[in-house]
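Peer 1: Quick one: this structure, given as C-alpha cells, is what I'll be asking you about.
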Amino acid sequence: MAELGIVVDLAATSSGAELSELAQAAERAGLDLVVVAGARDEAGGDEPADELVGVDPWTVATWVAAATTRIAIGVPSSTVQGPDPSDPRIPIAAVVDKARESLALLAGDRLVHDGWVVAPAGADADQVRSLAERGSLVVVVPVGSAAEVERVAALLPERPRSTRRAAVRARRRPGIAYEEIPPSLVESAIEPGDPGYRAVRSTYIRGGSPGLVLRPRSAAEVADALAFARRHRHLPLGIRSAGHGFSGRSTNDGGLVIDVGALSTIEVLDEDARLVRVGPGATWKQVAAALEPHGWALGSGDYGGVGVGGLATAGGIGLLGRAHGLTIDHLRAVSIVLADGTQIRASSHEHPDLFWAVRGAGANFGVVTEFEFEVDEVAEVGWAQLTFVTTDLEAALLTYGEAQRQAPRDTTVFLVTGAPQQGQSVIQLYGMVDSSDPDTIIARLNPFVAIGQLAQQQVVLTSYRAVMGTAADVGLDGHHGSGEPVGRSGFLPAMTPAFAREAAAALRGGRLRWFQLRAMGGAIADVPPEETAFSYRSPELQVTALGAFHAEIDEAWEPMEAHMDGLYLSFDTSPDPDRVERAFPPAVLTRLRELKRRYDPDGLFRDNFPLLEGARA
Amino acid sequence: MTDYGHDLLFGSFITPSAAGAQQALRLSELADAEGLDLVTFQDHPYQPSFLDTWTLMTWIAARTSRVRIVPNVINLPLRPPAVLARAAASLDQLSGGRFELGLGSGAFWDAIESMGGRRLTAGQAVTALSEGIDVIRALWDTETRGGARVRGDYYSVEGAKRGPAPAHPVGIWIGAYKPKMLALTGAKGDGWLPSLDYLPEGVDTLPALNARIDAGAQEAGRPASAVRRLLNIMRAEFSATGTGFLAGPPSMWAEQLAEVTLNHGISGFILGGDDATKTQRFAAEVAPAAREIVAAARA
Ligand SMILES: Cc1cc2nc3c(=O)[nH]c(=O)nc-3n(C[C@H](O)[C@H](O)[C@H](O)COP(=O)(O)OP(=O)(O)OC[C@H]3O[C@@H](n4cnc5c(N)ncnc54)[C@H](O)[C@@H]3O)c2cc1C
C-alpha cells in the first residue's frame with residue numbers, strides 16, 4: 001500500500017509561519033511526505049534546462065525540517081554542477097553535498113529526492129488509489145491550507161500507520177523481523193533509513209552498517225532486546241556501551257546492535273564505604289568528574305572517552321594500575337541480564353562463579369546494566385608527558401623496562417612509539433605518579449629520563465579527572481570510525497634483551513604502525529590469579545601493537561610472542577578463532593567454557609573473544 | 001567625530017560548529033528571547049568541523065521569531081550569486097523579513113579551490129564581489145521588466161528570470177579591510193562588517209577606514225549614511241574591576257561602546273565567544289544602557 005503526502009505550492013505559501021503550519025498539520029495527520037518543489041522556468045529563456053527558479057527549494061526544505069520532527073521531506077535533486085564554476089546560477093556541488101549532510105545532522109536523514117507521484121490538486125480517493133495501484137511508492141497531493149491537509153490524510157484510511165516510511169523501509173536489511181521489534185524498544189530503535197542512523201552505525205574505531213540498533217533504557221528493556229536477538233541468532237550481534245570496543249565488535253554489517261549507552265547514571269551508594277553505582281554507558285571521563293568532588297578516583301584506562309561497559313568487563317589496565325589495581329579489582333557487584341533474559345545480581349556471595357567470570361570475560365556472559373565499585377581516595381596526582389628521540393630503540397626499551405621495574409607502585413608509566421624514521425625513534429612516555437608532592441613526582445620520573453634525548457616534556461600536578469577530561473566529548477553525530485582495526489596484544493613477564501631486540505627489529509621492519517607498553521605489577525599483582533577470570537597477574541608489562549593487515553602484523557608479531565605469555569583481550573583483533581586460547585590460561589578457559597555452557601549455551605554473546613568454538617560472529 | 005545616526009544594533013557571533021549544533025541553536029534562541037537584534041554566523045564551507053552555514057541559518061530562522069539572521073560573512077566564491085540571491089530572498093520571505101546579507105569576497109583560496117571554487121587574486125576578488133552584488137540586486141529587482149542582465153568578467157547573467165523578491169530591502173553588508181574593497185563598500189554596500197581583531201590599531205583604525213568608505217560613497221553619489229557600520233568583537237570579558245576596553249562591568253562596556261558609536265559611527269556591535277552568560281548580559285545590561293547614552297548624546 002502506498003504512502004501519502006502533500007505538495008506545498010510555494011507560489012501560494014510564501015510565509016514561513018504558513019509553511020510550518022502546513023508541514024506540522026501533515027505530520028500531525030500521520031502523512032508521510034511533504035514535497036517542496038520549486039517552479040521550473042517555463043518561459044525557456046537561457047536558463048539551464050534544469051534550473052530551479054523562484055523560491056529556493058533547499059531553503060524551504062530546511063525550514064520545513066526545522067518545523068517538524070518525523071515527516072520526510074521531498075526536494076527535487078539539485079542541478080548537477082555546470083562545467084564552469086563561474087556560472088552564477090549553478091551551486092557548487094561540494095557545497096550542496098555539505099548542506100545535505102548538515103541537514104541530516106540537524107534534522108535526521110529525512111530528505112528524499114524522488115519516488116513520489118503528484119496527483120492532481122483536489123484529487124479524490126479513487127484517483128489517489130488508482131495512482132497507488134499503479135505501483136507508486138508515495139502519492140502526493142497539492143495543498144494550500146491545513147484543512148486540505150486533513151482532507152488528504154483521510155483519503156487512504158487503510159494505509160499502514162506508525163510503521164516507518166517507504167523510503168526507510170527500502171533501506172532495511174534482510175533477515176530482520178523489523179515489524180516485530182518489542183513495543184518497549186520500537187520508539188528508540190534505529191534502522192538504516194532512520195534519522196540518526198549515521199550517529200550510531202559506526203564506533204570510535206570501526207566502521208559499520210548494522211541492520212538494527214536497539215537502545216534499551218532499563219534492564220527490562222535489555223531483556224526485551226535479548227529476546228529479539230535470540231530470534232536472530234543467524235545475524236551478528238554486537239553489545240555496545242560507549243563504542244570504544246577494539247576486540248569487542250560493537251558494530252557489524254547487517255546484524256543487530258544492542259546499545260546500552262542510555263544507562264549512564266553515576267550515583268554514590270555509600271559515602272563511608274566509597275561505594276558507587278555506575279551504568280555501562282557512562283564514560284570514564286564522566287566517572288572521574290563525578291568522583292573528584294568526593295576526593296575519589298577509580299582507575300580506568302588511559303582515555304576518558306572509553307566506556308564503563310566494555311572496560312569494566314575486561315580488565316582496565318590504566319594509569320592508576322600499579323597504585324590501585326585493575327578497574328575490575330574494584331568491582332563489588334554487577335547487575336547483569338543473561339542470554340535468556342534473566343536479570344541477576346552477581347557478587348562474591350551471589351552467583352560468585354558468574355562474578356568471577358564477569359571480571360575478565362564479562363562480554364561472554366550477558367549485558368551488565370549496573371556496576372558497583374569501591375573507589376579509592378586519590379588526591380592530586382603527578383601527570384607526565386615526555387617525548388624522547390633516540391637512535392638506540394633497543395636500549396631505550398630496556399631502560400624503560402628497568403626504570404618501571406624499580407619504580408615504587410605509585411608510579412605507572414606507559415610507552416608509545418612507532419616505526420623509526422631514518423634510524424631515529426620518537427618515543428612518548430606518559431604516566432601518573434599517585435602523589436601530590438612535586439619532589440616525589442620528579443624523583444619517580446627521573447630514572448625514565450635516561451631512555452633517550454628529551455625533546456619535550458610536560459609534568460603537572462593535577463587531578464585524575466583532568467587527565468580523563470582531555471578526551472573529546474562525542475557529539476550528537478556519534479562516532480565515525482571506519483574500516484577494521486588490526487591489533488595484537490600480549491603480556492610480557494618482564495622486559496628482556498631478547499624481547500627488546502625482537503620488538504626493535506619488528507618496529508624497524510615497518511610492519512607495526514604503533515607500539516605500546518603498559519606497566520602492570522604493583523597492586524595488580526597483589527590479587528591472586530584465581531580471584532578473577534583476568535588471571536595474568538604477574539606480567540610486568542602489557543604489549544599492544546597496531547598494524548595495517550592481519551597477515552602483515554602476524555609476521556612481525558610472532559617472534560615477539562615467543563617471549564610473551566597470554567594476552568589482554570581488549571587490544572587484540574586477530575580473526576583467528578583459536579586466539580581465545582591465549583586470552584586465558586587452559587584451566588581458566590576450561591572453567592569459563594563450563595560456565596558459558598551453563599549461562600549462554602547457544603553462544604548468543606559472541607562479539608568479543610567468544611568462548612565457544614565456532615561461535616565467532 | 002563621526003556619527004551616521006543609525007539605530008544601534010546588538011548581535012551575537014555564533015560558531016556554526018557541527019559538534020555544537022545544539023549549542024548554536026540554544027544561543028540563538030537565547031538571543032531571540034533576550035532581545036538581541038542579530039545572530040550572525042561565519043561561512044567557511046571548507047571547514048569540515050562546521051555545518052553548512054546556509055542550512056544552519058535557515059534552521060535557526062525557523063526556530064526563532066524576532067531576531068535577524070546574518071551570515072558574517074558569506075563566502076561568495078563558493079556561493080554563486082544568482083543561487084545566493086534566490087536563497088537569500090527565500091529566507092527573507094520565510095522569516096518575515098529577518099535576513100540581512102553579510103557578504104565577503106573569500107580569503108582562503110587553496111581551500112576554496114579544493115571545494116570547486118575559483119581561485120582569484122585579491123584585485124580580481126574585488127571586481128568579482130562588485131559583479132556579484134550586481135547580479136544579486138538584479139535578481140531581487142522584480143519591478144524592472146525583462147530578464148536580468150549583468151555582464152562581468154567573473155559573473156554574468158544574460159536575461160535570467162528575476163525573483164523572488166525579498167520581503168524587505170535586504171541589506172548587503174560587506175566584510176572589507178583593504179582600500180579597494182572599502183571603496184566598493186561605499187559605492188555599493190548597505191553596511192560594513194569588519195572584525196575588531198583585524199584592525200591593526202583597534203578602534204583607532206576606524207577613522208581612516210570610515211573615510212575610505214565615505215569617499216567611495218561620495219564618488220558613487222550616495223550619502224555616507226547609506227552605509228551602516230558594524231563591528232565584530234571577539235575578545236571581551238565582563239569583570240567587576242577591569243578597566244580596559246570591554247574588560248570591565250556592563251556599565252563600562254555601555255559607555256565604551258556608546259563612545260565608539262558617537263566618535264566613529266559604529267552602529268552595530270556583534271559579540272563572539274559562544275558564551276550564554278555573556279550573551280545574556282550583553283543583551284540585558286549593555287545594550288539598553290548604550291542605547292540610552294547614545295540617544296541622550298544625539299538629542
Ligand atoms: C582510545 C582507547 C584507549 C583505550 N585505553 C585502554 C586502557 O588504557 N586500558 C584498558 O584496559 N583498555 C583500554 N581500551 C580498551 C577498552 O577498554 C575496550 O575497547 C572497551 O571494550 C571499550 O569499552 P566501551 O564500552 O567504550 O566499548 P563498546 O564498543 O561499547 O563495547 C566493546 C565490547 O565490550 C563488551 N561490552 C560492552 N558493554 C558491555 C556490557 N554492558 N556488558 C557486557 N559486555 C559489554 C562487548 O563485547 C562489546 O563488543 C582503550 C580503547 C580505546 C579505543
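Peer 1: Once both labels are modelled 7 Å past Cα along the beta-carbon direction, what's the residue A:385-residue B:165 spacing in nm?
Peer 2: 5.9
Peer 1: Packing-wise, with mean Cβ within 10 Å as the measure, how do A:168-178, A:371-381 rank, highest first?
Peer 2: Result, highest mean Cβ count within 10 Å first: A:371-381, A:168-178.
Peer 1: Continuing with the same structure: Gain in length, residue A:217 to residue A:455, computed as 0.36 nm per residue apart minus the alpha-carbon separation, to one decimal in nm?
Peer 2: 80.8 nm
Peer 1: What is chain B's relative contact order, in percent, from Cα pairs under 8 angstrom and six or more apart in sequence?
Peer 2: Averaging sequence separation for qualifying contacts and normalising by length gives 19 percent for chain B.
Peer 1: Kindly provide the pair-distance distribution of region B:212-299 built from C-alpha pairs, with 10 Å bins from 0 and whole-percent values in order of increasing distance.
Peer 2: Cα pair-distance distribution for region B:212-299, in percent: 16, 44, 26, 12, 2.
Peer 1: Per DSSP H run of at least 4 residues, take -39500 (n - 2.57); add these up for chain A, divide by its residues and hand me the 222 nm value, nearest 500 deg cm²/dmol.
Peer 2: -8000 deg cm²/dmol
Peer 1: What size of dipole, in debye to the nearest 20, comes out for the protein assembly as shown about its Cα centre when the only charges are +1 on Lys and Arg C-beta atoms and -1 on Asp and Glu C-beta atoms?
Peer 2: So the magnitude is around 1040 debye.
Peer 1: Would you mind giving the average projected area, over all directions, of the Cα convex hull of region A:303-385 in nm² with one decimal?
Peer 2: Mean projected area for region A:303-385: 6.1 nm², to one decimal.
Peer 1: Across peptide A:99-112, how many C-beta atoms of other chains are within 10 Å of each residue C-beta, on average?
Peer 2: Going residue by residue through A:99-112 and averaging, the value is 4.
Peer 1: Step through the residues of region B:222-236 one at a time and calculate ³J(HN,Hα) from phi using the Karplus curve (6.51 cos²θ - 1.76 cosθ + 1.60, θ = phi - 60°), rounding each to whole Hz and writing x for Gly and Pro.
Peer 2: With the stated coefficients, region B:222-236 comes to 10, x, 4, 6, 5, 10, 6, 10, 10, 8, 7, 10, 8, 10, 6 Hz.
Peer 1: Semi-axes of the equivalent ellipsoid for the protein assembly as shown, please: Cα gyration tensor eigenvalues, times 5, square-rooted, ordered largest first, whole Å.
Peer 2: Semi-axes (√(5λ), whole Å): 55, 37, 25.
Peer 1: Further, regarding this structure: At a 10 angstrom cut-off on C-beta neighbours, averaged per residue, how do the peptides A:440-452, A:96-108 rank from highest to lowest?
Peer 2: A:96-108, A:440-452
Peer 1: Can you list residues whose amide H is under 5 Å from residue B:231's amide H, if they're 5+ apart or on another chain and H is modeled 1.01 Å from N?
Peer 2: B:268, B:269, B:270
Peer 1: What's the average, rounded to a whole number, of partner chain beta-carbon atoms within 10 Å of each residue's beta-carbon in B:94-104?
Peer 2: Across the residues of B:94-104, the mean count of other-chain Cβ atoms within 10 Å is 2.
Peer 1: In degrees from 0 to 90, rounded to the nearest 10, what is the angle of the helix A:550-561 Cα long axis to the longest principal axis of chain A?
Peer 2: Between helix and principal axis, roughly 20 degrees.
Peer 1: Net charge near residue B:43: determine it from the other residues with C-beta under 15 Å of the C-beta of residue B:43, scoring Lys and Arg +1 and Asp and Glu -1.
Peer 2: 0
Peer 1: Points 7 angstrom from Cα along the Cβ direction at residue B:222 and residue B:66: gap in nanometres?
Peer 2: Here the answer is 2.9 nm between the modelled labels.
Peer 1: With the other protein chains left in place, how much accessible area per residue, in square angstrom, belongs to chain B at a 1.4 angstrom probe?
Peer 2: 38
Peer 1: In addition: Rounding to the nearest 20 debye, state how big the charge dipole of chain B is about its Cα centre with +1 on each Lys and Arg Cβ and -1 on each Asp and Glu Cβ.
Peer 2: So the magnitude is around 840 debye.
Peer 1: Taking Cα atoms, how many degrees apart are the long axis of helix A:219-230 and the longest axis of chain A, rounded to 10 and kept between 0 and 90?
Peer 2: Around 80 degrees separate the two axes.
Peer 1: Out of the total accessible area of region A:347-408 (probe 1.4 Å, heavy atoms of protein only), what percent is carbon and sulfur?
Peer 2: In region A:347-408, the share of accessible area belonging to carbon and sulfur is 47 percent.
Peer 1: What is the Cα convex hull volume of region A:341-382 when expressed per residue in Å³?
Peer 2: Cα convex hull per residue, to the nearest whole number: 111 Å³.
Peer 1: Region B:9-298: percent of C-alpha pairs farther apart than 33 Å?
Peer 2: 20
Peer 1: Let me ask another. To the nearest 0.05, how large is the calculated FRET efficiency for residue B:274 and residue B:145 if R₀ is 35 Å and r is the Cβ-Cβ distance?
Peer 2: Calculated value: 0.15.
Peer 1: Pop out the ³J(HN,Hα) list for region B:17-33 in order, Karplus 6.51 cos²θ - 1.76 cosθ + 1.60 with θ = phi - 60°, rounded to Hz; leave Gly and Pro as x.
Peer 2: My calculation for region B:17-33 gives 6, 5, 5, x, 4, 5, 5, 4, 5, 4, 5, 5, 5, 5, 4, 4, 6 Hz in order.
Peer 1: May I pose another question? Other chains near B:115-123: what is the mean number of their Cβ atoms within 10 Å of each residue's Cβ?
Peer 2: Per residue, the number of nearby Cβ atoms from other chains is 3 on average.
Peer 1: Taking only DSSP H segments of four or more residues, each worth -39500 (n - 2.57), what value at 222 nm results for chain B once the sum is divided by all its residues, to the nearest 500 deg cm²/dmol?
Peer 2: It lands at -12500 deg cm²/dmol.
Peer 1: Pairs of alpha-carbon atoms within less than 8 angstrom and 6+ residues apart define the contacts here; what relative contact order does chain A have, in percent?
Peer 2: The normalised contact order for chain A reaches 12 percent.
Peer 1: Of B:128, A:563, A:378, which is farthest towards the positive pole of the protein assembly as shown's charge dipole, taken about the Cα centre with +1 and -1 on the beta-carbons of Lys, Arg and Asp, Glu respectively?
Peer 2: B:128
Peer 1: Tabulate in residue order the Karplus-calculated ³J(HN,Hα) for region B:35-52, using 6.51 cos²θ - 1.76 cosθ + 1.60 with θ = phi - 60°, rounded to whole Hz; enter x for Gly and Pro.
Peer 2: Values, residue by residue: x, 5, 8, 9, 10, 10, 9, 5, 10, 10, x, 7, 7, x, 7, 9, 6, 4 Hz.
Peer 1: Please compute the modelled spin-label separation between residue B:109 and residue A:267, points set 7 Å along Cα→Cβ, answer in nm with one decimal.
Peer 2: Here the answer is 6.3 nm between the modelled labels.
Peer 1: While we're on this one: Cα centroid distance between region B:57-71 and region A:294-314, in Å?
Peer 2: What the calculation gives is 41 Å, centre to centre.
Peer 1: For the charge dipole of chain A, defined by +1 on Lys and Arg C-beta atoms and -1 on Asp and Glu C-beta atoms about the Cα centroid, which residue among A:494, A:264, A:455 has the Cα displaced farthest towards the positive pole?
Peer 2: Final value for the positive-end residue is A:494.
Peer 1: Subtract the Cα-Cα distance of residue A:227 and residue A:294 from 0.36 nm times their separation in residues, and report this length gain in nm to one decimal.
Peer 2: Residue separation times 0.36 nm, minus the Cα-Cα distance, leaves 20.1 nm.
Peer 1: Could you sort B:12, B:130 by their accessible area in this structure, using a 1.4 Å probe and putting the largest first?
Peer 2: These residues rank, largest area first, as B:130, B:12.
Peer 1: Quick check on packing: order A:541-554, B:92-105 by the mean number of other C-beta atoms within 10 Å, highest mean leading.
Peer 2: The densest-packed peptide leads the list: B:92-105, A:541-554.
Peer 1: Just add up the charged neighbours of residue A:359: K/R +1, D/E -1, any other residue whose Cβ is under 9 Å from the Cβ of residue A:359.
Peer 2: -2
Peer 1: Follow-up question, since we're still on this one. Over both sides of the A-B contact, add up the buried accessible area with a 1.4 Å probe and give it to the nearest 100 Å².
Peer 2: Separately minus together, A and B give about 3400 Å² buried.
Peer 1: Using unit Cβ charges (K, R positive; D, E negative) and no other charged atoms, how large, in debye to the nearest 20, is the dipole of region A:343-483 about its Cα centre?
Peer 2: In debye, rounded to 20, region A:343-483 gives about 380.
Peer 1: Which far-off residues, 5 or more places away or on another chain, put their amide H under 5 Å from the one on residue A:296, with H placed in the peptide plane?
Peer 2: A:378
Peer 1: Continuing with the same structure: As I understand it, the dipole of chain B uses +1 on the Cβ of Lys and Arg and -1 on the Cβ of Asp and Glu, about the Cα centre. Which of B:261, B:28, B:250 lies farthest toward its positive end?
Peer 2: Towards the positive end, the residue furthest out is B:28.
The values are calculated or read from the model by the stated rules, or taken from the named source; none is laboratory data. What you see is a predicted model, and the numbers here were worked out from it, not measured in a lab. Cβ coordinates were reconstructed from backbone atoms using ideal geometry, including for glycine residues, and neighbour counts include every protein chain displayed. Note: areas computed on protein heavy atoms with side chains; ligands, DNA, RNA excluded. Shrake-Rupley method; radii C 1.70, N 1.55, O 1.52, S 1.80 Å.
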